[in-house]
Amino acid sequence: MRVMTFNLRFENDFDGENHWLNRRNFLVKTIQQYRPHLLGTQEGKPSMLMFLRDNLKGYQISADSRAWDDHCQYPTLYYLKDYFAVVKHSEFWLSETPEVHMSKSWDSAFPRMISHSLLEMKDSGKRIWASVTHLDHISGPARLEGAKMIRAWAVERKEPVILLGDFNDLPGSEVHKTLRKPLGPFGDSWQLADKAEDDSSYTHHGFTGVPAQGRIDWILVTPEFIIEDVLIVRDQIGGRYPSDHFPLVVDAQLKQTG
């Protein structure tokens, strides 16, 4: 199973030549080239997400329970419809009132949420939870409290869980420790694959290809998964990139049981 997390960079008029309309076709081409079974995106506004829905051949969007708002940036899951079927989908806001649409707490700059789907593999009937989130880029308390909410949700799942996202924090941070074992249920796929934490592991680059921050985009998995490979995708054409983040790709499989 191949999984990708990809911060799309929201449609921002100040991005000039890197505006969404100028790079969205390259972004779609990048996703199609690596062909993940599961794709988790961040910063997508509804029009952007509908463009991906309509142009990613073979993919389905999982957002059946969503209340759409044109001003909101939604973490969103897409899946290969020949590989998965959605059993159920839900989401909640990372706030003190998680059921209140676009609610925020702890001085979060923007409303933040987690979207999650119970998926069934069509070939085996096995079920997994796939979830995608985007933690706040300003407020450290909001990131930490959001991570605690995600951890509480994840530990209640009976099925294996994959968590994709832009966490706006670094490996070794309190957010990372909150989600990883022994405090949380997850392992970090990058670390499980024995990849180095160095200048080559950054994911945010501000459309330059040059490190702006470290590895703030993660794919976390519960112990039922074996990590086979991890890749940061740095594809570019003439020095132009599909987003201001590099997507992260993980190849994994479920451990055999019984």
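For (1) charged (D, E, K, R); (2) over 23 Å from V155 (Cα atoms), each residue gets a yes or a no:
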| site | (1), (2) |
| --- | --- |
| G172 | no, no |
| F186 | no, no |
| W218 | no, no |
| V221 | no, no |
| F225 | no, no |
| I232 | no, yes |
| D235 | yes, yes |
| Y241 | no, yes |
| V249 | no, yes |
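Where the second residue is part of a loop (DSSP other than H, G, I, E, B) and of a type outside the set (S, T, N, Q) and the first is on the phi > 0 side of the Ramachandran plot and in contact (Cβ under 8 Å) with a residue 40 or more places away in the chain and lies in segment 198-220, which pairs have Cβ atoms under 6 Å and are six or more apart or on separate chains?
Going by the 6 Å Cβ cut-off, the qualifying pairs are F207/Y241; F207/D244.
Going residue by residue through segment 92-111, is there one that turns out to be in contact with an Asp or Glu (Cβ under 9 Å, 6 or more places away or on another chain) and β-branched (V, I, T)?
No, the conditions are met nowhere in segment 92-111.
Out of the residues in segment 195-214 meeting the condition of being among the aliphatic types (A, V, I, L, M) and surrounded by fewer than 13 Cβ atoms within 10 Å (Cβ to Cβ), tell me which one is farthest from Y241 (Cα to Cα).
The residue in question is A196.
Where residues in segment 93-135 are of a type outside the set (A, V, I, L, M, F, W, C), closer than 22 Å to L248 by Cβ and without any contact (Cβ under 8 Å) to a residue 40 or more places away in the chain, which of them is surrounded by the most Cβ atoms within 10 Å (Cβ to Cβ)?
Across segment 93-135, the extreme among qualifying residues is R112.
Which of the residues belonging to segment 101-134 are among the aliphatic types (A, V, I, L, M), in contact with a Phe, Trp or Tyr (Cβ under 8 Å, 6 or more places away or on another chain) and part of a strand (DSSP E or B)?
M113, I114, L118, L119, M121, A130
Q256 versus (1) surrounded by fewer than 20 Cβ atoms within 10 Å (Cβ to Cβ); (2) out of contact with any Lys or Arg (no Cβ under 8 Å at 6 or more places or on another chain); (3) under 20 Å from L8 (Cβ atoms); (4) not aliphatic (A, V, I, L, M): which is the lone unmet condition?
(3)
Which one of P160, P171, P182 is modelled with pLDDT of 95 or more, of a type outside the set (D, E, K, R) and over 19 Å from the mean Cα position of the chain (by Cα)?
Being modelled with pLDDT of 95 or more, of a type outside the set (D, E, K, R) and over 19 Å from the mean Cα position of the chain (by Cα) holds for just one of P160, P171, P182, which is P182.
Every residue in segment 143-166 that is in contact with a Lys or Arg (Cβ under 7 Å, 6 or more places away or on another chain) and crowded, with 18+ Cβ neighbours inside 10 Å, please.
G146 - this is the single residue of segment 143-166 that is in contact with a Lys or Arg (Cβ under 7 Å, 6 or more places away or on another chain) and crowded, with 18+ Cβ neighbours inside 10 Å.
Please determine, by comparing only the residues of segment 176-204 that are in contact with a strand residue (DSSP E or B) (Cβ under 8 Å, 6 or more places away or on another chain) and of a type in the set (K, R), which one is farthest from T222 (Cα to Cα).
Looking at the filtered set, the residue picked out is K195.
State all residues of segment 1-52 that are more than 24 Å from M113 (Cα to Cα) and of a type in the set (G, A, S); if no residue qualifies, say none.
The answer is G16, and nothing else.
The values are calculated or read from the model by the stated rules, or taken from the named source; none is laboratory data. Everything numeric here is computed off the predicted structure, so don't read it as measured data. Using ideal geometry, Cβ is built from the backbone for each residue, glycine included, and neighbour counts are taken over all protein chains shown.
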